[in-house]
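The values are calculated or read from the model by the stated rules, or taken from the named source; none is laboratory data. Just so we're clear, the structure is a prediction, and the values are computed from it rather than from any experiment. Here the Cβ is made from the backbone with ideal geometry for all residues, glycine too, and neighbour counts use every protein chain on show.
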Amino acid sequence: MAITQAVCTSFKQEILVEGHNFTASSGDTFKIALYTSSASLDASTTAYSSSNEVSDSGSYSAGGGSLTSVTPTTSGTTALCDFADISFTSATITARGALIYNSSNSNKAVCVLDFGGDKTSTSGTFTIQFPTADASNAILRLA
């Protein structure tokens, strides 16, 4: 089993035919779910699944947490989207990766995040800090 970071192929097709609304004030609800090293997530992932998701702990529960979207923008010829950092408090979690998905649109997958190794919190705060929102680093970029 492995987690491979990628923008999901199904998402690429869906934005051309049915859309995902990332607008901060009136858009869809996007969530992030955390997964153990036993999960198989990659570009072929099409939707959220609870298989090999981390267990409920503290403020983390099945399905993960809702992300606050920052309205999409452009930088040069690249369109990008960012999310506010998210934290799960009082949590004992060991996660190898995550899935961002659109819970407003049949839990369709957006992208897979590979943490590069297990990340752990023990009765503490598990935080996902998103990178700088620019053409080279934003978590979701379309060039």
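Structure data summary
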| quantity | calculated |
| --- | --- |
| Residue check for PHE22: surrounded by 17 or more Cβ atoms within 10 Å (Cβ to Cβ), at negative phi and within 12 Å of the chain's Cα centre (by Cα) | no |
| Unmet requirement for ASP114, which otherwise passes all of (1) touching a Gly at 6+ places or on another chain (Cβ under 8 Å); (2) acidic (Asp, Glu); (3) surrounded by 21 or more Cβ atoms within 10 Å (Cβ to Cβ) | (3) |
| Per-region count, the stretch 5-19, residues more than 16 Å from the chain's Cα centre (by Cα) and aliphatic (A, V, I, L, M) | 3 |
| Enumeration of residues in the stretch 59-92 that are of a type in the set (Phe, Trp, Tyr) and in contact with a Gly (Cβ under 9 Å, 6 or more places away or on another chain) | PHE88 |
| Candidates ALA47, ALA84, ALA2, ALA39 - the one that is aliphatic (A, V, I, L, M), surrounded by fewer than 17 Cβ atoms within 10 Å (Cβ to Cβ), closer than 22 Å to ARG96 by Cα and over 13 Å from the mean Cα position of the chain (by Cα) | ALA2 |
| Filter pass, ILE93 being more than 15 Å from THR23 (Cα to Cα) and more than 11 Å from the chain's Cα centre (by Cα) | yes |
| Pairs, first under 17 Å from LEU34 (Cβ atoms) and at pLDDT below 85 in the stretch 1-15, second polar (S, T, N, Q) and in a strand (DSSP E or B), C-beta under 8 Å, six or more apart | none |
| Filter result for GLY117 (at pLDDT below 95 and over 22 Å from PHE11 (Cα atoms)) | no |
| Filtered residues of the stretch 56-95 (kept if within 23 Å of LEU142 (Cα to Cα) and aromatic (Phe, Trp, Tyr)) | PHE83 |
| Sole exception among (1) of a type outside the set (Ser, Thr, Tyr); (2) touching a strand residue (DSSP E or B) at 6+ places or on another chain (Cβ under 8 Å); (3) free of Cβ contacts under 8 Å to residues at least 40 places away in the same chain; (4) not in a strand (DSSP E or B) for PRO131, by number | (2) |
